[in-house]
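The structure appears below as structure tokens.
The values are calculated or read from the model by the stated rules, or taken from the named source; none is laboratory data. These figures come from a predicted structure and were not determined experimentally. All Cβ positions, glycine included, derive from the backbone under ideal geometry; neighbour counts span all protein chains shown.
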Amino acid sequence: MSHEDQKFQMTQIKAILFGASGMIGQGVLRECLLDPEVASVLCVARSSTAQHDPKLREVVHKDFLDFSPIEKELGGFDACIFCLGVSSVGMSEEDYRRITYGITLAAAETLAKLNPQMTFIYISGAGTDSTEQGRTMWARVKGQTENALLRLPFKAAYMFRPALIIPLHGIKSKTFAYRISYAVLRPLLPLMKILFPRYVTTTEQLGRAMLIAAKRGAPKRVLEVPDINSL
Ligand SMILES: NC(=O)c1ccc[n+]([C@@H]2O[C@H](COP(=O)([O-])OP(=O)(O)OC[C@H]3O[C@@H](n4cnc5c(N)ncnc54)[C@H](OP(=O)(O)O)[C@@H]3O)[C@@H](O)[C@H]2O)c1
């Protein structure tokens with residue numbers, strides 16, 4: 001058995017989820033609740049998801065730049081799946097950075113301190129700029145966020161970069177612009193998945209792939225759509 005296999009020997013995981021009310025987070029939560037290898041899932045959110053399940057627990061928290069008031073709730077986890085995020089459309093770089101980099105690192109630094117054996121899974125996006133030097137604001141900020149996460153002392157950290165995501169099982173985005181785009185594109189989505197498999201995934205595939213990485217690791221630290229779909 002390789003060292004990497006030994007690192008991921010576990011029967012059931014305890015997961016923590018950020019962004020559970022969002023489109024991607026709803027998909028991940030669904031897969032967590034269905035997966036017998038997930039013992040429990042804790043959602044950290046600004047408001048309750050209003051879902052009830054014996055495996056689900058929630059912590060409602062207001063200031064996502066400071067997790068010190070809820071630190072005692074955040075220890076003892078094997079994996080964090082971080083799906084909290086916003087579209088940069090109409091946002092200043094400062095505001096976008098505060099959420100994308102600021103909130104993500106505030107959560108991740110707290111979790112790394114409390115759970116050195118944790119696997120951290122982050123949703124960024126296709127086109128993220130790892131050089132941090134490019135001209136596209138959102139891609140630079142996501143690149144800085146990914147790079148900072150990869151430097152933290154987690155057991156493992158994986159950056160997921162989806163492009164077009166087809167929402168399944170009645171899941172909807174919280175972002176107005178995305179909801180409009182999906183409504184317009186809906187009739188074309190199944191065809192787009194066939195024509196552009198390198199760019200399209202579904203909330204179900206993404207959720208399952210993130211859980212596989214959380215439970216058993218993944219072959220790469222940065223996963224593009226084909227890597228996600230082949231997990
Ligand atoms: N959707 C796509 O097609 C797609 C594709 C590639 C990458 N992504 C990336 O994936 C991430 C999530 O996308 P999504 O489509 O799931 O977004 P979404 O449906 O708009 O959900 C956003 C989630 O983030 C939370 N959130 C946003 N701002 C917050 C804040 N200031 N404090 C605390 N929580 C906050 C929301 O919680 P509340 O319920 O409290 O608002 C919600 O749970 C984004 O970074 C996005 O760029 C999305």
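From the set of residues in segment 72-90 that are modelled with pLDDT under 95 and under 23 Å from K62 (Cβ atoms), which is surrounded by the fewest Cβ atoms within 10 Å (Cβ to Cβ)?
S87
Tell me the residue from I13, I70, I99 that is away from the ligand (no atom under 11 Å from the Cβ), under 20 Å from A157 (Cβ atoms) and β-branched (V, I, T), please.
One residue alone meets the criteria, I13.
Considering each of L188, L195 in turn, give the residue that is within 27 Å of G90 (Cα to Cα) and more than 11 Å from the ligand (Cβ to nearest atom).
None of the others qualify; the one that does is L188.
Restricting attention to segment 62-72, does a residue exist that is of a type in the set (S, T, Y) and outside any helix (DSSP H, G or I)?
no
If you go through segment 102-120, how many residues are within 11 Å of the ligand (Cβ to nearest atom) and not hydrophobic (A, V, I, L, M, F, W, C)?
The total comes to 2.
For L211, work out the one condition from (1) touching a residue at least 60 places away in the same chain (Cβ under 8 Å); (2) more than 25 Å from A108 (Cα to Cα) it doesn't fulfil.
(2)
Rundown of residues vs (1) within 11 Å of the ligand (Cβ to nearest atom); (2) β-branched (V, I, T), yes/no style:
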{"position": "Y178", "(1), (2)": "yes, no"}
{"position": "S181", "(1), (2)": "yes, no"}
{"position": "V200", "(1), (2)": "yes, yes"}
{"position": "M210", "(1), (2)": "no, no"}
{"position": "A214", "(1), (2)": "no, no"}
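List the helices (runs of 4 or more DSSP H) that sit entirely inside segment 165-231 and contain at least 1 residues that are at positive phi and surrounded by 17 or more Cβ atoms within 10 Å (Cβ to Cβ).
none
Just name the residue that is nearest to S124 (Cα to Cα) out of those in segment 73-95 that are more than 10 Å from the ligand (Cβ to nearest atom) and under 18 Å from the mean Cα position of the chain (by Cα).
Per the criteria, the residue is I81.
With the requirement that a residue be hydroxyl-bearing (S, T, Y) and either within 15 Å of the ligand (Cβ to nearest atom) or outside any strand (DSSP E or B) (or both), what does segment 31-61 give you?
S47, S48, T49, listed by residue number.
Answer yes if at least one residue in segment 121-135 is more than 14 Å from the ligand (Cβ to nearest atom), surrounded by 21 or more Cβ atoms within 10 Å (Cβ to Cβ), outside any strand (DSSP E or B) and of a type outside the set (D, E, K, R), and no otherwise.
No, because not a single residue in segment 121-135 is more than 14 Å from the ligand (Cβ to nearest atom), surrounded by 21 or more Cβ atoms within 10 Å (Cβ to Cβ), outside any strand (DSSP E or B) and of a type outside the set (D, E, K, R).
Please find, within segment 149-175, the residue that is farthest from the ligand (Cβ to nearest atom) out of those that are over 22 Å from D227 (Cβ atoms) and without any contact (Cβ under 8 Å) to a residue 60 or more places away in the chain.
Here the answer is P153.
Could you tell me which numbered condition G170 fails, if it satisfies all but one of (1) out of contact with any Ser or Thr (no Cβ under 8 Å at 6 or more places or on another chain); (2) modelled with pLDDT of 95 or more; (3) farther than 26 Å from G90 by Cα?
(2)
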